[in-house]
Structures are given as structure tokens and as C-alpha cells.
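Asker: My questions will all concern the structure given below.
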Amino acid sequence: MRNVYLIRTTTSDMGTEGILITSDGFNCKTFELPWRDNRSNISCIPSGTYNVEVRWSQKYKKVYWVRKVPSRTYILIHSGNFAGDKAFGFKTHVAGCILLGKRFGTLGDQRAILNSRVAVRAFASHMAWRPFKLQVIGGDF
């Protein structure tokens, strides 16, 4: 099983930024909710190692699913732009999931991850839709 690493680099109320790196050379940016003590729908997931499998989603179709996250369900890896804390008035496209993108920037006045669909397609193609082990490093800020 291939290894994939998500290394969190910074966080704010607008989201948690990171980089996703595979053991064989692929990399892209990641964007998640801020750390809010692993509370469902408002927090990124805890650091740790997770098995990731393919799942069918009504909304995203074929998608990667991060399995057995403590106290959480249906953590997906998908496209989107925003991962802000709604309690502070920021937009979000996630409820704990992981967004992929090519770079960070701003949309309107909010931090965002950009070229997300392109990054998700490239990652899925690189991984050939095979399961993998995800190691999330850092970010329980």
C-alpha cells in the first residue's frame, strides 16, 4: 500500500494550509478547516495515520474516503475552494474533509485553495484510484 503524507503548515480562522506528498513524487496543496478539537463539521481531523479507500458519493461521485477517523464519519478528499470557520463569518466547502489544489490565493476577501478540480483529478490519476495510507502530520494547533 502506498504512503501519502499531509503536512500541515499554517492555520487561521480561514483554514488550515498544508501540502500533500506521495512517496513516489506527487505533491499538491491541501486546505482544511481550522483545528477545533476534532469537533464534527467544524474542525480538521486529528493528526495520525489513516487508511484511505475509494467510495461513491452522490455529490462527488468517485472519491477518496479517509477511514476510521476518531469520532468522525465520511471524511472525504475532494475539490472546493474555502475551508473557513463559519462561526467567524467565513465561507467553507467542507465539513471536516480535505480539499486539494495547486496553489493558495484569495477569492473575494477570503483565503482559498485554487485549481482544486485539476489537483483532485491529477492526484486520483497518479494514485490510479488505489487505496493508500495517509499520515497527517501537525496541525492539532
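Only the coordinates and a few stated rules stand behind these numbers; no lab work does. Since the structure is predicted, the reported quantities are computational estimates derived from the model, not experimental observations. Counting neighbours? That spans all protein chains shown, and the Cβs are built from the backbone with ideal geometry, glycine included.
Asker: Give me the number: length gained by fully extending ALA128 to ARG39, i.e. 0.36 nm times residue separation minus the C-alpha to C-alpha distance, one decimal in nm.
Answerer: Details: separation 89, 0.36 × 89 = 32.04 nm, distance 3.18 nm.
Stretched fully, the ALA128-ARG39 segment lengthens by 28.9 nm.
Asker: Can you match semi-axes √(5λ) of the Cα gyration tensor in Å to one of these, (i) 39, 15, 12; (ii) 21, 16, 14; (iii) 45, 18, 12, based on a calculation from the structure here?
Answerer: (ii)
Asker: Taking the Cα centre of segment 2-137 as origin, work out the dipole magnitude from +1 charges on Lys and Arg Cβ and -1 charges on Asp and Glu Cβ, in debye rounded to 20. Provide the component values of the computation, followed by the final result.
Answerer: Working: 21 positive and 8 negative charges, 102 e Å.
Dipole size: approximately 480 debye.
Asker: Still on this model: With each pseudo-label sitting 7 Å past Cα toward Cβ, what's the ARG121-THR10 distance in nm, one decimal?
Answerer: Between ARG121 and THR10, the simple spin-label model gives 2.9 nm.
Asker: Charges on Cβ only, +1 for Lys and Arg, -1 for Asp and Glu, centred on the Cα centroid of the chain; of ILE45, THR11, THR73, which one is farthest towards the dipole's positive end?
Answerer: The residue sitting most towards the positive pole is THR73.
Asker: A further question follows. For ILE19 and ARG55 in one chain, what is 0.36 nm times their gap in residues minus the Cα-Cα distance, to one decimal in nm? If you can, show how the numbers build up before the last one.
Answerer: Values: separation 36, 0.36 × 36 = 12.96 nm, distance 2.28 nm.
Computed gain between ILE19 and ARG55 is 10.7 nm.
Asker: Could you grab the relative contact order for the chain? Cα pairs under 8 Å, six or more apart, rounded to a whole percent. Kindly include the intermediate steps, with their values, before the conclusion.
Answerer: Numbers: 372 pairs, mean separation 43.4, N = 141.
RCO, the chain: 31 percent.
Asker: Straight distance only, please: which aspartates and glutamates reach the Cα of LYS59 with their own Cα at less than 20 Å, same-chain residues fewer than 8 apart left out?
Answerer: Excluding near neighbours in sequence, the set is GLU32.
Asker: For helix 116-127, what angle does its Cα long axis make with the longest principal axis of the chain, in degrees from 0 to 90 and rounded to 10?
Answerer: The helix 116-127 is inclined about 20 degrees to the chain.
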